[in-house]
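Participant: Take a look at this one; I'll ask things after.
The values are calculated or read from the model by the stated rules, or taken from the named source; none is laboratory data. Treat the numbers as computed from the prediction; the structure is a model and nothing was measured. Note: ideal-geometry Cβ built from the backbone for every residue, glycine included; neighbour counts use all protein chains shown. Areas reflect the complete protein model, heavy atoms only, side chains present, ligands, DNA and RNA absent. Shrake-Rupley method; radii C 1.70, N 1.55, O 1.52, S 1.80 Å.
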Amino acid sequence: MTLLETIHSPEDLRDLSNAQLQQLTEEIRATIVDTVSENGGHLASNLGAVELTLAMHLEFESPKDSFVWDVGHQVYTHKLLTGRYEQFHTLRQNGGLSGFPNPEESDHDIFAAGHSGASIAAGYGLSVAKQQKNDPSYTLAVIGDGSFTGGLVYEALNNAGHENTKLIVVLNDNEMSISPNVGSLAMYLAGIRTNPAYYGFKEEVRNTLQKLPYVGDAAVQAIVTIKKEVKDRLYSSNVFEDMGFNYMGPIDGHDLRALRYAFQSCKFIDGPVLLHVMTKKGKGYVFAEQDPSRFHGIGSFNKVTGESPKGGTNFSNEFGKALCTFADQDENIVAITAAMALGTGLKEFSERFPDRFFDVGIAEEFAVTFAGGMAKGGLIPVFAVYSTFLQRAYDEIVHDVAMQDQKVVLAVDRAGFVGDDGRSHQGIFDLAFLRTIPNSVIYSPSTYKGVGQFLYRALYDEGKVIAVRYPRGQQGYIPEDFNQNTYDDFSVLGEDYYENTDLNDAKDAAAIVTFGTLFPEAAKARDLLKEQGIRVRIVKLNKVWPIAPGAVDAVLDCDKVLFFEEGAKSGGIGEAYGYDLMQRRFSGTYRYFAVDNTFVHHAKQASLRAEFDLDAAAMVRAVTEDTPHE
């Protein structure tokens, strides 16, 4: 039995020796690598936070003391230490553990997470609530340096720094988010961590620590004294102290002894504390240390070689290629990313057109307003962003682009179900909120070729807020009778498919209307129905908003119309399509299948489509209900 197997709660850590704690860190890292290599997940960030998490659990009493994790990319160690070791092999699997904090899993997960920059605000709110209720426990908000490129962090610091609460902000500084950090804040933190005076004084601190007893008030008071001397000798002030925080650091985030002393000393400081901790992404696994960006969020891989299976191209890559092709011909095209150059397929663009590529950090709100300013100046900005993160910039899209009558292209990646990342990352809301914006246009291609075609239309045929949305992963099944060369707003697949068959003269039993990720499912459903002697018509929307009148006219002669949408039902495209049918006095049956008033848990994309009646089998069932066979 491993030592880790004996840890059922943080209480089991209390009596471990220093040697056992070191062994535990090694076992934790091995378990994380083993599991992520099988299931996929966030590897580099979790490997970098092992000692930090262990020190937190040793010096504080979770869940009495509250741990609020920013984003949640670093909670695997936390899960392993809070009674979830036996379930850890189910990480990110259907019905298994979430890859992010999840209060439904454990009382130790205080807040659900998935987006960056929120932990300080949430932690501050929790600390105020405790203060109001005379609760003496601590609140720790753990946040990465990458999140400090987002404005919500500073709003929270500005407010929290002036309240005398028991809030400890742990700045986990690994010098990068997903892509390397950018901007003035990154340089500011680099200045703190590389100050020569700090490193000249470091040995004095180490020598003093070695003379102290391991625990006790004297040791803690000595740390406070050392911290004050460091501050006095190195910094007259820094931005965190200017905002009201007691600053401590930087601390070696892989030195468990130093971390424990630092957390003990935090308890002796009145008011909010910011503890600056230096860690290394990918710590302990050489391939992740060498390439932390690739191992940030990764699918299954060979843990011995670090190699991932060859997966071919995907929608993100094809978007990046198409944008480079157009940018070759048009120097007004510029690309923007929010710390996601690799994930959104913009790596090639960044290398070929460095003067036209802008990584703004984890700041989606700024990215949109920045794009609006670029558009006003005569450029054609393309903001590549995951659907889930675009939610954060709704206000800016409305006020700073649409209301200003500016043209900005939103390349909406990971639209629809994203699978294993779960509730915080599912791209199911972009259609509902984008179509509320006056004069907005939304394209949703189903093929790699379509990404380029409708990106072209977005760049040159439209003049307002334009979104081109495409799914995570690879292209699905495309039937031979689908014209991939079309730039039309919609396509109808019908009669030609049934030529030279006994169904040639049959009436369509139903029309299936869909778009994007579900078009391959509709095509497969048609094949299955043909085998049963049932003929259906498929209407594929390419320009999903505004809905082309012809796309509605195409189904008016059908008795049954079935609309399938991989997105939120309330406010979705299918809702608008049904309204248009009603306006045209459609007398048949209309049914709308989508995600109805719920968040979508983590599972494989195919499993989610089956669960929400959005796959080919569900389409067949919907068609055959009360449908006579020929």
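Participant: Once both labels are modelled 7 Å past Cα along the beta-carbon direction, what's the E241-T589 spacing in nm?
Facilitator: Distance between label points: 7.3 nm.
Participant: Under unit Cβ charges (Lys, Arg +1; Asp, Glu -1), what dipole magnitude, rounded to 20 debye, does segment 288-435 have relative to its Cα centre? If you can, show how the numbers build up before the last one.
Facilitator: Values: 13 positive and 21 negative charges, 63 e Å.
With Lys and Arg at +1 and Asp and Glu at -1, about 300 debye.
Participant: Now, a different point. Based on the Cβ-Cβ distance of D502 and I478, what FRET efficiency does E = 1/(1 + (r/R0)^6) give at R0 = 25 Å, to the nearest 0.05?
Facilitator: Step by step, r from the Cβ atoms, then E = 0.50.
Participant: Over the chain, what is the mean sequence separation of C-alpha contacts under 8 Å (at least six apart), divided by residue count, expressed as relative contact order in percent?
Facilitator: Details: 1227 pairs, mean separation 71.3, N = 630.
Taking the mean separation of contacting Cα pairs over the length of the chain, I get 11 percent.
Participant: Which value, in Å² rounded to 10, gives the accessible area of K449 with a 1.4 Å probe and all protein chains present?
Facilitator: 100 Å²
Participant: Also, quick follow-up: With a Förster radius of 60 Å, plug the Cβ-Cβ distance of T313 and N134 into 1/(1 + (r/R0)^6) and report the FRET value to the nearest 0.05.
Facilitator: 0.55
Participant: So, one more: How high is the FRET efficiency from E289 to Q87, r the C-beta distance, R0 22 Å, rounded to 0.05?
Facilitator: Here the calculated transfer efficiency is 0.20.
Participant: Compute the acute angle (0 to 90°) between the alpha-carbon long axis of helix 448-460 and the principal axis of greatest extent of the alpha-carbon atoms of the chain; round to the nearest 10°.
Facilitator: For 448-460 against the chain, the angle is about 90 degrees.
Participant: Just read off the accessible area of I380 with the full protein assembly in place, 1.4 Å probe, to the nearest 10 Å².
Facilitator: 30 Å²
Participant: By the gyration tensor of its Cα atoms, with a ≥ b ≥ c the square roots of the eigenvalues, what is the shape of segment 568-630: rounded for a/c under 1.5, prolate for a/b over b/c, or oblate?
Facilitator: Working: a/c = 3.60, a/b = 1.25, b/c = 2.89.
Since a/c reaches 1.5 but b/c is at least a/b, the shape of segment 568-630 is classed as oblate.
Participant: Using only Cα atoms, tell me the angle between helix 119-132 and the longest principal axis of the chain; keep it within 0 to 90° and round to the nearest 10.
Facilitator: Once rounded, one gets 60 degrees.
Participant: Ignoring ligands, DNA and RNA, please state the percent of accessible area on the chain from carbon and sulfur, probe 1.4 Å.
Facilitator: 48 percent
Participant: Might you work out the accessible area of E26 for me, using a 1.4 Å probe with all protein chains in place, and round it to the nearest 10 Å²?
Facilitator: Accessible surface of E26 is approximately 110 Å².
Participant: Shifting gears a bit: Can you tell me the dipole magnitude for the chain around its Cα centre, using point charges on the Cβ only (Lys, Arg +1; Asp, Glu -1), in Debye to the nearest 20?
Facilitator: In debye, rounded to 20, the chain gives about 1000.
Participant: Can you tell me the accessible area per residue over the chain, all protein chains present, probe 1.4 angstrom, in square angstrom?
Facilitator: 40 Å²
Participant: Here is a follow-up. Between rounded, prolate and oblate, where does segment 463-608 land on the alpha carbon gyration tensor, with a ≥ b ≥ c its root eigenvalues, rounded for a/c under 1.5, else prolate if a/b exceeds b/c?
Facilitator: On the way: a/c = 1.44, a/b = 1.24, b/c = 1.17.
Verdict is rounded for segment 463-608.
Participant: Just by accessible area at a 1.4 angstrom probe, what is the order of K530, K543 from largest to smallest?
Facilitator: Descending accessible area places them as K530, K543.
Participant: A further question on this structure: Of all beta bridges DSSP finds with both residues in the chain, what is the antiparallel percent, to the nearest 5?
Facilitator: Details: 9 of 66 bridges.
Given both bridge residues lie in the chain, the antiparallel proportion sits at roughly 15 percent.
Participant: Same structure again: Please name whichever of I7, A335, F429 sits farthest to the positive end of the charge dipole of the chain, dipole taken about the Cα centre and charges placed at Cβ: Lys and Arg +1, Asp and Glu -1.
Facilitator: Ranked along the dipole, the leading option is I7.
Participant: Run the numbers on segment 361-509 and let me know its relative contact order in percent, using alpha-carbon pairs under 8 Å that are six or more apart.
Facilitator: Reported relative contact order: 22 percent.
Participant: Something else now. Students often forget the sequence filter, so: which lysines lie under 24 Å Cα-Cα from K133 once same-chain residues fewer than 8 apart are removed?
Facilitator: Filter leaves K64, K166, K267.
Participant: Whole-Hz ³J(HN,Hα) for each residue in segment 346-351, computed from phi via Karplus 6.51 cos²θ - 1.76 cosθ + 1.60 with θ = phi - 60°, x for glycine and proline: what do you get?
Facilitator: 9, 4, 4, 4, 4, 7
Participant: What distance in nm separates the two pseudo spin-label positions at Q23 and N332, each 7 Å out from Cα along the beta-carbon direction?
Facilitator: Calculated label separation equals 6.8 nm.
Participant: If the limit is 19 Å between Cα atoms, which of K280/K604; K283/K604; K543/K604; K507/K530; K347/K376; K281/K310 go over it?
Facilitator: Numbers: K280/K604 31 Å; K283/K604 29 Å; K543/K604 27 Å; K507/K530 13 Å; K347/K376 26 Å; K281/K310 24 Å.
The pairs that break the limit, which is 19 Å between Cα atoms, are K280/K604; K283/K604; K543/K604; K347/K376; K281/K310.
Participant: By the gyration tensor of its Cα atoms, with a ≥ b ≥ c the square roots of the eigenvalues, what is the shape of segment 278-336: rounded for a/c under 1.5, prolate for a/b over b/c, or oblate?
Facilitator: Here segment 278-336 falls in the oblate category.
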